[in-house]
Amino acid sequence: NTVLMAWLAPAVLLLIGLFKPGLLPGLAALPGAAALLPPLLPLGASLFSIAGNTTALSLSMEGKSAWLMAACPAPPRVIYLGKALASYAMCAPAAALTALVLVWLLKPGPPAALSCLAFGQAVCALGAVIGLVIDVRFARYDWDSEQQIVKSSVQTLLLMTAQFAVLLAFGAAAWLLRALGGWTGLVLALPAAGLAVLLWSRVNHRPIFIVP
């Protein structure tokens with residue numbers, strides 16, 4: 001279900017483009033929308049992408065076999081990197097497809113198109129690292145069913161809160177920087193990627209604790 005969330009946006013947009021091709025361009029032509037579209041489009045393109053990361057439970061889902069991770073001769077950062085890359089590999093293509101479909105439908109210009117692509121990829125990386133940070137700190141392996149750990153874990157709640165906070169922060173930043181027009185998303189992609197690198201540097205050396 002988590003991965004399907006990331007692919008929901010491009011699927012819906014493709015259907016709109018095929019069956020109602022004038023819908024989004026018509027909305028973009030409304031008074032005042034033309035000025036807001038380029039700076040806010042990257043945020044809209046990545047709205048569902050950040051919800052598609054799987055790292056918030058990637059360690060906990062190992063369950064009773066989690067001791068294998070702790071006994072693995074590879075350093076923890078190798079395991080963490082594998083979890084993060086797996087999440088990114090599922091989220092990034094959906095973000096890229098969403099950006100391409102929006103560019104096809106709305107034709108916002110080269111700067112906004114580049115911003116949609118860059119910001120979506122940065123947000124996917126950031127979401128993967130945020131989820132990993134949460135699960136490294138609150139990993140739980142003593143669950144009885146997958147449904148229990150997915151629906152009642154503190155990681156899920158924290159991830160939803162963090163995702164909302166990230167989108168809210170970048171939405172406010174996009175509004176403040178709207179004078180940059182189509183370059184806004186590209187500018188915001190830099191701090192998003194930088195924050196992902198910073199969080200990764202703080203978590204990749206953390207040992208994997210297995211609490212019996």
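In the elastic network of the chain, a GNM with C-alpha springs shorter than 10 Å, the most mobile of VAL12, VAL154, VAL103 is VAL12.
Compared with the alpha-carbon gap, the fully stretched path from TRP104 to ALA74 is longer by 6.4 nm at 0.36 nm per residue.
Report the extension gain between LEU23 and PHE164 in nm, rounded to one decimal, defined as 0.36 nm multiplied by the number of residues separating them, less their alpha carbon distance.
Extending this stretch completely gives an extra 48.0 nm.
Taking the average, over residues, of other Cβ atoms within 10 Å as the packing measure, peptides 60-70, 128-138 rank 128-138, 60-70 from highest down. Per residue of the chain, the DSSP helices (runs of n ≥ 4 H) give a summed -39500 (n - 2.57) that works out to -24000 deg cm²/dmol at 222 nm.
For the stretch 71-212, the solvent-accessible area with a 1.4 angstrom probe is 52 square angstrom per residue. Considering only alpha-carbon pairs that sit under 8 angstrom and 6 or more positions apart, the relative contact order computed for the chain is 33 percent. A Förster distance of 25 Å, applied to the separation of the beta-carbon atoms of ALA11 and GLU146, puts the FRET efficiency at 0.50. Apply the membrane-span-like helix rule to the chain: whole DSSP H runs, Cα extent along the own long axis of at least 20 Å, mean Kyte-Doolittle hydropathy at least -0.5. List the helices found. Going by DSSP H runs, the hits are 2-19, 76-106, 110-138, 154-176, 184-203. The Cα-based radius of gyration of the stretch 62-212, divided by its Kirkwood radius, gives an Rg/Rh of 1.05. FRET efficiency for the ARG202 to ALA172 pair, using the beta carbon distance and R₀ = 25 Å, is estimated at 0.55. Placing +1 on the Cβ of every Lys and Arg and -1 on the Cβ of every Asp and Glu, with no other charges, gives the chain a dipole of roughly 260 debye about its Cα centre.
The values are calculated or read from the model by the stated rules, or taken from the named source; none is laboratory data. Keep in mind it's a predicted model, so treat the numbers as computed, not measured. Positions of Cβ are backbone-derived with ideal geometry, glycine not excepted, and every protein chain shown enters the neighbour counts. Areas reflect the complete protein model, heavy atoms only, side chains present, ligands, DNA and RNA absent. Shrake-Rupley method; radii C 1.70, N 1.55, O 1.52, S 1.80 Å.
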